[in-house]
Amino acid sequence: MGVEYSEAKQRLLEKYLRGELGVRQRAKTIPRRSPVERIPLSHAQEQVWLHAQLAPELPLYNEPVTIHYSGTLNVEALERSFNEILRRHEAWRTAFRVVDGEPVQQVQESLSIALPVIDLSALSRQERDAAAIEIATLDARKPLDLGKVPLFRARLIRLDDKEYRLYLTLSHIIFDGVAIYRVFLPELSRIYQAFAAGEPSPLPELEIQYPDFACWERRTVTPESLAQEIEYCRAQLSGNLPPVYLPTGDRPRGAQTFRGSMYPFRLRLPLTRALRDFCRREGVSRFHVLLATFAALLQRYSGQERIPIGTVTAGRNRRETEQLLGYFLNTVVVPADISENPSFRDLVHRARGWSLAALDHDRVPFEYLVRELKIQREPSQNPLFQAMFSLEPPMPEIDPSWRLTQMDVDTQATKYDLYLELDERSEEILARFHYSTDLFEREAVGRMALHWKTLLRAAIENPEQRVSELPLMSARERRRLISQWNITHQTYPEICIQQMFEMQAQTTPDNVAVTCERKCYSYRELNERANRLAWFLIKRGAGTAIPVALCMERGLNMIVALLGILKAGAAFVPVDPTLPDERLAFIVADSKAVALLCDRSSYRPIFGDKAVAVEPEWKFLQHESIATPKSPVNADQLAYIIYTSGSTGEPKGVEGTHRGLMNRFSWMWRSYPFQPGEVCCQKTNLSFVDSIWEIFGPLLAGVPNVIIPQETVRDPELLLQVLGRERVTRIVLVPSQLRALLDHAPNLQQRVPQL
C-alpha cells in the first residue's frame with residue numbers, strides 16, 4: 001500500500017508540474033454530501049497538497065500559532081474545549097490519501113487529544129521563554145504527514161501560575177488566517193468559559209462541514225464558468241511583466257530548495273496611528289496603503305514599472321463557510337503598475353483598483369490559472385510572481401485573557417522567495433518577512449524591513465511626493481553611508497613604482513625577484529637591466545609621461561621592459577601581440593608612443609622605425625650605464641595607458657597614475673597581506689589592468705614572482721605542474737579560470753588549499 005501510494009503521489013506531482021491538473025465539472029447550494037461520496041480536495045487544498053510534495057522533507061506548510069492565556073487556567077476544561085472543537089469541525093479530523101490515482105479527504109469519525117502540561121515555572125523568566133520557544137520550534141520544524149491525523153501538534157506550557165501558552169503547529173491544508181482568528185480562537189474562548197463553569201457548549205451545531213464545501217465546489221464551478229475570469233487574468237498578466245524583480249544580490253539564484261527563515265518586526269504605535277489617520281482621510285483601507293508601499297519598495301529596488309505581486313483572498317464567499325475551520329484561501333496575482341512615477345496618493349488609489357479587481361476575479365484556482373496561461377515552470381522560482389503580500393484580519397473582540405501570535409517560531413522553510421505577512425492588532429501592526437535563505441542574508445532582509453517602514457512613514461507624511469522621491473534609508477543609515485563609511489583616508493607611499501622597486505632592490509639585492517621557465521633574476525640583476533634599458537629609451541626620446549609601447553610575450557624580458565620604461569620617466573602602453581595589424585597600428589599611433597619594445601616573435605612590419613627588437617640577453621644594451629636615471633617624474637604623473645577592447649566602437653586609452661597604483665597596492669597589502677615564504681605568480685595578459693597588481697604587488701613587497709607563459713596558462717594540467725614545482729602559494733583567478741582548474745582536478749582544494 002505504501003509503495004502504491006508513493007507512486008500515485010509521484011504521478012500526480014508530475015501532472016502538476018506539467019500543468020495538466022485542471023478544473024473539474026461542478027450545482028448551486030452547499031448541501032450535505034452523501035454518506036458514500038468520495039470526498040475530493042478543494043482547489044485550495046489541492047494547491048497545498050501538490051506544492052507540499054515538492055519538498056516533503058521540509059515543513060513547508062507547517063504554520064506555528066501561539067495561544068497566550070493570562071489567568072488561572074483550568075487545564076481539564078481547556079482539553080475538553082479543544083476536543084469539542086475537534087468534534088465540531090471535520091476539517092481537523094481529516095487526512096489526505098491517494099485513492100485510484102486521486103488525492104481524497106478521509107475524515108476520521110472521532111478524534112481526541114491530551115494536553116499534558118509542560119511546567120517551566122521553576123526557570124528564570126528569560127530561561128523559561130527560551131525553553132518554551134525551543135520546544136515549539138522543535139515541533140514546528142518536523143514535517144506533518146498529510147496522510148495521518150491529526151495534522152497538528154499541540155503543546156501546553158505553564159510559565160507561571162497565571163501565564164500559559166498553547167503552542168500549535170498546524171498544516172495549512174486544514175486552516176487559514178480567518179479560521180484561526182475568526183473561528184478557532186473565539187470558539188475556544190467561549191467553549192472554555194462554559195466548560196470551566198460546568199455548563200454545556202453554547203455554540204450551535206454547524207450547518208455544513210468543510211468536506212461538504214469541497215464536494216460542492218467540485219460540482220458547481222465549471223471551466224466554462226471561469227472563461228470570462230480567465231480572459232481577464234490573461235489580459236492583466238500578459239505583456240511586459242518582469243520575470244525577475246527581487247534584489248537577490250546576496251546569493252546567485254539556483255533551483256528552489258524552499259529553505260527559509262523569518263524576520264519579525266513591527267510598526268510601532270505612532271506610525272500605526274498615522275497610517276490609520278491617512279486611511280480615514282483618503283477613504284482607503286490599510287491593505288491598500290500597505291500594498292502600495294510594498295510595490296513602491298520593489299519598484300525602487302528593481303527599477304521595474306509593472307511588478308506582479310501575489311496575495312490571497314479569503315475565499316469565503318458564502319454565509320455557510322464563515323464559521324468553518326478549513327483552508328479557503330486562493331492565491332491571486334496583482335499586477336502592480338508604478339509607471340509614470342506617480343505620487344504616493346495616486347499609487348494608493350491605483351492599489352485600491354488592483355485589489356478590487358483581484359477580488360472580482362478570485363474564483364480561478366491559482367494552479368488552473370498557471371495552466372491556462374501556459375506558464376513554463378522554472379525550477380528556480382514560482383510561476384507568475386516572486387514576492388507575496390498579505391494582511392491578516394484583525395482580532396475579533398473576545399475575552400482579554402486570550403491572545404494569539406504567529407511571530408514566535410521559525411520553521412526554517414518558505415514557500416516564496418519573499419513574503420511580507422502583516423498582522424493587524426488594536427495598537428500596532430505586527431510584521432514578518434519570510435525569505436529564501438538561498439537568496440537573502442538575514443542582514444539584507446533587516447535592511448529591507450527598515451527601508452519599507454521608512455518609505456511608509458515618509459509617504460503618509462507627504463503623500464504628494466513622487467515614488468522616486470520617497471526616502472528608503474533612515475537618518476541613521478544615511479549618516480553611516482555618507483559619513484562613517486565614507487571615511488576612507490589611508491596613508492600610502494606617495495612615490496613612483498620604480499622608486500619603490502629601487503628601495504626594495506637596495507634592501508634585498510640578492511633575493512629572487514622574478515622566475516620564468518626555471519630562469520630567474522635577482523633584484524640586483526633586474527634593477528641593473530632595467531636601468532640600462534631606461535638610458536637607452538631616454539636617448540630614443542622617452543621622458544616624463546611620454547608613452548612607450550611594448551608588444552611582448554609574457555616572460556622575464558617583459559618585466560625588464562616595464563621597469564625600464566618607468567625608470568625612464570615614461571608611461572608604458574601594453575599592446576597585445578595577438579591583435580590584428582590594424583588594431584596594433586591604431587594603438588601605437590593613437591597613444592603617440594615614441595618607441596615600441598618587442599621580442600622577435602611579436603615583431604610586425606607595421607611597427608616601422610619605432611620598433612626596438614629585444615634580444616634575450618639584451619646585448620644591444622651592454623654599453624649602457626647600470627646607474628639609476630634621475631628622472632623628474634612624481635606620483636601624479638602618468639604610469640600607463642591601457643586600451644579598451646573596442647567592442648562598442650573605437651578602442652579608448654585609459655590612463656593610470658603612479659599615485660593611483662600605489663594607493664591600490666597599499667589597499668591590497670592591507671587587505672591581503674603577504675606571509676613569510678610566499679611565492680606569487682603572474683599569468684594575466686598585460687593589456688588587462690589586473691596584471692599590474694600581479695606584477696608589482698609582489699615585486700614591490702619583496703615577494704618572489706613566477707611569470708607563467710601563455711601556453712602554460714591555457715593547459716590546466718601544465719599550469720598545475722608549474723604551480724606545484726615553483727611552490728606558488730598565491731594566484732589570482734577569475735571564476736571561469738577557477739572552474740576550469742576544478743573541473744580538471746576536482747580535489748584541487750584539498751591538494752592546494754591556498755588556491
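The values are calculated or read from the model by the stated rules, or taken from the named source; none is laboratory data. Not measured: the values here are computed from a predicted model. As a convention, Cβ positions derive from the backbone with ideal geometry for all residues, glycine included, and neighbour counts pool all protein chains shown. Surface areas here come from the heavy atoms of the whole protein model, side chains and all, with no ligands, DNA or RNA. Shrake-Rupley method; radii C 1.70, N 1.55, O 1.52, S 1.80 Å.
Pairs over the 19 Å Cα-Cα cut-off, from the set 519/630; 519/683; 539/567: 519/630. Packing around the peptides 472-482, 328-338, taken as the average count of other Cβ atoms within 10 Å per residue, puts them in this order, highest first: 328-338, 472-482.
Taking amide H positions as modeled 1.01 Å from N, with prolines and chain starts lacking one, the residues under 5 Å from residue 119 and 5 or more places away or on another chain are 158. Amide H contacts of residue 392 (H built 1.01 Å from N, in plane; Pro and chain starts excluded): 422, 423, 424 sit under 5 Å, all sequence-distant by 5 or more or on other chains. Taking a ≥ b ≥ c as the square roots of the Cα gyration tensor eigenvalues, segment 236-309 comes out oblate, since a/c reaches at least 1.5 and a/b does not exceed b/c. Here's the picture: charge each Lys and Arg Cβ at +1 and each Asp and Glu Cβ at -1 in segment 407-526, and of 483, 512, 463 the one pushed furthest to the positive end of that dipole is 512.
Considering only beta bridges that DSSP places wholly inside segment 541-680, some 30 percent are antiparallel.
The phi torsions of segment 603-616, fed into the Karplus equation with coefficients 6.51, -1.76 and 1.60 and a -60° offset, translate into couplings of 5, 10, x, 5, 5, x, 7, 7, 6, 10, 6, 8, 8, x Hz, rounded to whole numbers, with Gly and Pro shown as x.
Just to be sure I understand the curve: with the Debye formula and one point per C-alpha of segment 133-213, what is log10 I(q)/I(0) at q = 0.16, 0.20 Å⁻¹? Treating every Cα as an identical point scatterer, log10 I(q)/I(0) equals -0.85, -1.18.
Taking every DSSP beta bridge that has both ends in segment 590-744, the antiparallel portion is near 40%. Rolling a 1.4 angstrom probe over the protein heavy atoms with all chains in place gives the chain an accessible area of 46 Å² per residue. Computed packing ranks the peptides 225-233, 164-172 as 164-172, 225-233, most packed first, by mean other Cβ atoms within 10 Å. Think of segment 51-107 as having a plus end and a minus end, set by charges on the Cβ of Lys, Arg, Asp and Glu; of 103, 92, 58, 92 sits farthest toward the positive end of this dipole. Taking θ as phi - 60° and the Karplus parameters 6.51, -1.76 and 1.60, the scalar couplings of segment 337-343 work out to 10, 10, 6, 6, 6, x, 5 Hz in sequence order, x denoting glycine and proline. In straight Cα distance, which lysines are under 22 Å from residue 652, not counting same-chain residues fewer than 8 positions off? Result set, ordered by chain and number: 592, 610. Listed peptides 398-407, 532-541 appear in the order 532-541, 398-407 once ranked by packing, highest mean of other Cβ atoms within 10 Å at the front. Backbone phi angles across segment 185-198, fed through the Karplus curve with coefficients 6.51, -1.76 and 1.60 (θ = phi - 60°), yield HN-Hα couplings of 5, x, 5, 4, 4, 6, 5, 4, 4, 5, 5, 5, 8, x Hz in residue order; Gly and Pro are listed as x.
Taking only protein heavy atoms and a 1.4 Å probe, the accessible area of the chain is 50% carbon and sulfur. Of the GluC sites (Glu not before Pro) found in segment 336-379, those that fall in a DSSP loop while having at most 14 other beta-carbon atoms within 10 Å are 340. Note on the chain: helix-only mean residue ellipticity at 222 nm, from DSSP H runs of 4+ residues weighted -39500 (n - 2.57) and normalised by residue number, equals -11000 deg cm²/dmol. Under 5 Å from the amide H of residue 306 lie the amide H atoms of 338, each residue being 5 or more positions distant or on a separate chain, with H modelled from the backbone and absent for Pro and chain starts.
The antiparallel fraction among DSSP beta bridges confined to the chain stands at about 70%.
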